[in-house]
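A.B. asks: My questions all concern the structure below.
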Amino acid sequence: MIETANDLFEEEIRDVYDAEKQLVKALPKMAKAAMSEDLRQGFTEHLGQTKGHVQRLEQVFQSIEVKPRAKTCQAMKGLVEEGQQAIEENDKGEMRDIMLISAAKRVEHYEMAAYQSLIMIAESTENDTALELLRETLSEEEETDQKLGTMCQELLGNLSSSDMDSENAEDTEEEQAPPARSAGKVKTGRAS
C-alpha cells in the first residue's frame, strides 16, 4: 500500500525501470526495421543511452536502499506493441520510417512525463542523488525527442518533394501527349 511520498517514489521507479528494460529489447528491432541509416544509427545510439538509464535507475534504487525490482509498465508495453505494428504492417521505406519515428516519439513523451513526475517526487523527499540522476536522464530523453522530430521533418520533406516530382512528371507527360482524336463524325458546319 502506498502511504508516503517515499512509497510512491519507489513504486514509480519500479514502473520506469521496467519501461526502460522493455526499450532495451525493442530498440534493436526498431533499428533493424529502419531504412534510413540516420534513423538506424539514432535508434542504436538511444539503445546505448537507454542501457545507461537502466543503470542510473539502479543507482536511484541504491539511494533509497531498495533492491532494484521492476513492476510491469503496461503503458510502455502498449507503446512497444504500436512500434511492432508499424514494422509488421508496412513495407520497408520512408513511410515505415516515419511511422517508426512517430511510435518512438510517443515513447519519448511517455518517458519525459514519467521522469518529470519522478523528479517532483524526489524533490519532495529531498533525495539529491536521485534528483541529479533523474534530471540527467530527462535531458537525454528530451534531446532524443528533438532529434526524432528533426528526422521526421526531413523524411516528410523528402516524401513531399517526391510527391511533387511525381505530379510534375505526370503534368509533363500530359503536355507532351498528342491530343486525343474523337471517334465519330467530324462536323463540317454544313447543314444536311
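Here, each number is a calculation from the coordinates, and none is a lab measurement. Worth saying up front: this structure is predicted, and the values here are computed from it rather than measured. Neighbour counts run over all protein chains shown; Cβ positions are idealised from the backbone, glycine included.
A.B. asks: Just to verify a result, which residue in the range 110-140, among those that are closer than 16 Å to Ile13 by Cα and acidic (Asp, Glu), is surrounded by the most Cβ atoms within 10 Å (Cβ to Cβ)?
C.D. replies: Glu111
A.B. asks: Can you say whether Glu45 is in contact with a helix residue (DSSP H, G or I) (Cβ under 7 Å, 6 or more places away or on another chain) and not basic (Lys, Arg), as far as the supplied structure shows? Give the steps one after another, and end with the answer.
C.D. replies: Details: in contact with a helix residue (DSSP H, G or I) (Cβ under 7 Å, 6 or more places away or on another chain): no; not basic (Lys, Arg): yes.
No, not satisfied.
A.B. asks: When residues of the range 1-23 are filtered for being surrounded by 15 or more Cβ atoms within 10 Å (Cβ to Cβ) and either farther than 20 Å from Ser63 by Cα or not charged (D, E, K, R) (or both), how many remain? Step through it out loud before you land on a result.
C.D. replies: Step one: list which residues in the range 1-23 are surrounded by 15 or more Cβ atoms within 10 Å (Cβ to Cβ), which gives 5-6, 8-10, 12-23.
From what is left, the residues that are either farther than 20 Å from Ser63 by Cα or not charged (D, E, K, R) (or both) are 5-6, 8-9, 13, 16-17, 19, 22-23.
So the answer is 10.
A.B. asks: Working only within the range 41-71, note down all residues that are of a type in the set (A, V, I, L, M, F, W, C), in contact with an Asp or Glu (Cβ under 9 Å, 6 or more places away or on another chain) and either farther than 20 Å from Glu10 by Cα or outside any helix (DSSP H, G or I) (or both).
C.D. replies: Looking only at the range 41-71, we keep the residues that are of a type in the set (A, V, I, L, M, F, W, C), and these are 43, 47, 54, 57, 60-61, 64, 66, 70.
Still in the running and in contact with an Asp or Glu (Cβ under 9 Å, 6 or more places away or on another chain): 54, 57, 61, 64, 66, 70.
Hits for the range 41-71 are Ile64, Val66, Ala70.
A.B. asks: Under 7 Å by Cβ, and 6 or more places apart or on different chains, what pairs join a residue from the range 116-135 that is free of Cβ contacts under 8 Å to residues at least 24 places away in the same chain and among the polar types (S, T, N, Q) with one that is assigned to a helix (DSSP H, G or I) and surrounded by 14 or more Cβ atoms within 10 Å (Cβ to Cβ)?
C.D. replies: That search, which allows pairs on different chains as well, returns Gln116/Leu138.
A.B. asks: Let me ask you something else. Condition test on Leu27, is it touching a helix residue (DSSP H, G or I) at 6+ places or on another chain (Cβ under 8 Å), in contact (Cβ under 8 Å) with a residue 24 or more places away in the chain and surrounded by 16 or more Cβ atoms within 10 Å (Cβ to Cβ)? Don't jump to the end; show me each part of the working.
C.D. replies: Numbers: touching a helix residue (DSSP H, G or I) at 6+ places or on another chain (Cβ under 8 Å): yes; in contact (Cβ under 8 Å) with a residue 24 or more places away in the chain: no; surrounded by 16 or more Cβ atoms within 10 Å (Cβ to Cβ): yes.
No: the conditions fail for Leu27.
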